[in-house]
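Chemist: Provided herewith is a single structure, encoded as structure tokens, for subsequent inquiry.
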Amino acid sequence: MPTHLLQIAKKLAHDAGLFALKTQEKGFKIEKKDVYHNLVTEVDKECEKMIIQTIKNNFPDHSILSEESSPQEGTGDYKWIIDPIDGTTNFAHGLPFFAISIAVVYKGKPIIGVVEIPAMKETFWAQEGKGAYVNSEKISVSHVTSLKDALLATGFPYDRSGPRYKKNMELWDHFYGLSHGVRRIGTAALDLCYTACGRFDGYWEYNLKPWDIAAGKIILEEAGGTVTNMDGSKLNPSLSNFLASNSRIHSEMLTELKKRGADKL
Ligand code: LIP
């Protein structure tokens, strides 16, 4: 079953990616989802519809959690976690850094992750216990052992008035001084996959949702990385404070996050 689900997840991500890429050139409607700067486009919704319809046709008993629609509870043990376009702001502004992110969870345990980056022609994917890949090439995390040699990534909450936004500005400045630099690419799925293949060495962010990280997390872990809360405990998505790394600089990053009180927010 897992290999069959992997093939379907890859096909769904690939087809949605091609559709998104084509539509990005033509133009599309953009809306604001809330009072902040959280955007959704008609392409997010269309991709989501395509993906969900196929899952429902093939697996009517599977549960589905997807960014742009209400959760659907199935009677079976499998759950799909979907972000039809991760990096919507980038997509809306014509940037190539956006991804289709699809994970499959079995009895609460992630077993498959697929992150398709159509503009780069890169499909990152992993199956539990079988390693992580980009296209057909096996990937692993970097060998960097110290922050002073690391390239990091972060992202900022949509709510720019809250304490986490200000804290993240402070953390950005702090880590910038300790590393080769800190990038803000604008898609969590891609940040995780870039950490999985050694382009980044560490990544932190507040306020991420399960669909932002479900697929990227299994890809990173299968590539040898570590994902925890900012206090080092096992990831609890409801805390929404998140640290990912190549494992080798994880404890050094945790020390710096704790020094700045990042784990207390
Ligand atoms: C976005 C992320 C981005 C993060 C935003 C948001 P969306 O997902 O992937 O990196 O900083 O907070 O969650 O809204 O584009 O699917």
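The values are calculated or read from the model by the stated rules, or taken from the named source; none is laboratory data. Just so it is clear, the model here is predicted, and its values are computed rather than measured. Note that each Cβ is placed from the backbone with ideal geometry, even for glycine, and that neighbours are counted across all protein chains shown. Heads up: the accessible areas ignore ligands, DNA and RNA and are worked out on the full protein's heavy atoms, side chains in. Shrake-Rupley method; radii C 1.70, N 1.55, O 1.52, S 1.80 Å.
Chemist: Check whether at least one residue in the range 91-100 is touching a Phe, Trp or Tyr at 6+ places or on another chain (Cβ under 6 Å), within 16 Å of the ligand (Cβ to nearest atom) and hydrophobic (A, V, I, L, M, F, W, C), and report yes or no.
Modeler: Yes, that holds for at least one residue.
Chemist: Also: If a residue has to be over 18 Å from TYR165 (Cβ atoms) and either more than 21 Å from the chain's Cα centre (by Cα) or within 13 Å of the ligand (Cβ to nearest atom) (or both) to count, how many in the range 18-39 make the cut?
Modeler: Within the range 18-39, residues that are over 18 Å from TYR165 (Cβ atoms) and either more than 21 Å from the chain's Cα centre (by Cα) or within 13 Å of the ligand (Cβ to nearest atom) (or both) number 10.
Chemist: Report the residue count in the range 132-157 for those that are surrounded by fewer than 14 Cβ atoms within 10 Å (Cβ to Cβ) and among the small types (Gly, Ala, Ser).
Modeler: Total meeting the criteria: 2.
Chemist: Let me ask something else. Name the single residue that is nearest to the ligand (Cβ to nearest atom) among those in the range 40-66 being open to solvent by less than 60 Å² (accessible area, probe 1.4 Å) and in contact with a Leu (Cβ under 8 Å, 6 or more places away or on another chain).
Modeler: Selected residue: ILE51.
Chemist: Another one. Condition check: out of contact with any Pro (no Cβ under 6 Å at 6 or more places or on another chain), open to solvent by 20 Å² or more (accessible area, probe 1.4 Å) and in a strand (DSSP E or B). Does TRP80 satisfy that?
Modeler: For TRP80, the condition - out of contact with any Pro (no Cβ under 6 Å at 6 or more places or on another chain), open to solvent by 20 Å² or more (accessible area, probe 1.4 Å) and in a strand (DSSP E or B) - is not met.
Chemist: Every residue in the range 123-162 that is within 16 Å of the ligand (Cβ to nearest atom) and of a type outside the set (A, V, I, L, M, F, W, C), please.
Modeler: THR154, GLY155, PRO157, TYR158, ASP159, ARG160, SER161, GLY162
Chemist: In the range 166-186, how many residues are open to solvent by 30 Å² or more (accessible area, probe 1.4 Å), over 17 Å from the mean Cα position of the chain (by Cα) and touching a residue at least 40 places away in the same chain (Cβ under 8 Å)?
Modeler: So the answer is 4.
Chemist: Shifting gears a bit: Considering each residue of the range 83-106, count those that are touching a helix residue (DSSP H, G or I) at 6+ places or on another chain (Cβ under 8 Å) and not in a strand (DSSP E or B), and give that number.
Modeler: So the answer is 7.
Chemist: Scan (1) open to solvent by 30 Å² or more (accessible area, probe 1.4 Å); (2) at negative phi; (3) among the small types (Gly, Ala, Ser); (4) in contact with a helix residue (DSSP H, G or I) (Cβ under 8 Å, 6 or more places away or on another chain) for the single condition ALA189 breaks and write down its number.
Modeler: Single failed check for ALA189: (1).
Chemist: So how many residues does the range 182-219 have that are in a loop (DSSP other than H, G, I, E, B) and among the β-branched types (Val, Ile, Thr)?
Modeler: The number of residues fulfilling the criteria is 2.
Chemist: Any chance you could count how many residues in the range 220-252 are in a helix (DSSP H, G or I) and either assigned by TED's automatic domain parsing to the domain that holds GLY129 or open to solvent by less than 50 Å² (accessible area, probe 1.4 Å) (or both)?
Modeler: Residues in the range 220-252 being in a helix (DSSP H, G or I) and either assigned by TED's automatic domain parsing to the domain that holds GLY129 or open to solvent by less than 50 Å² (accessible area, probe 1.4 Å) (or both): 2 in total.
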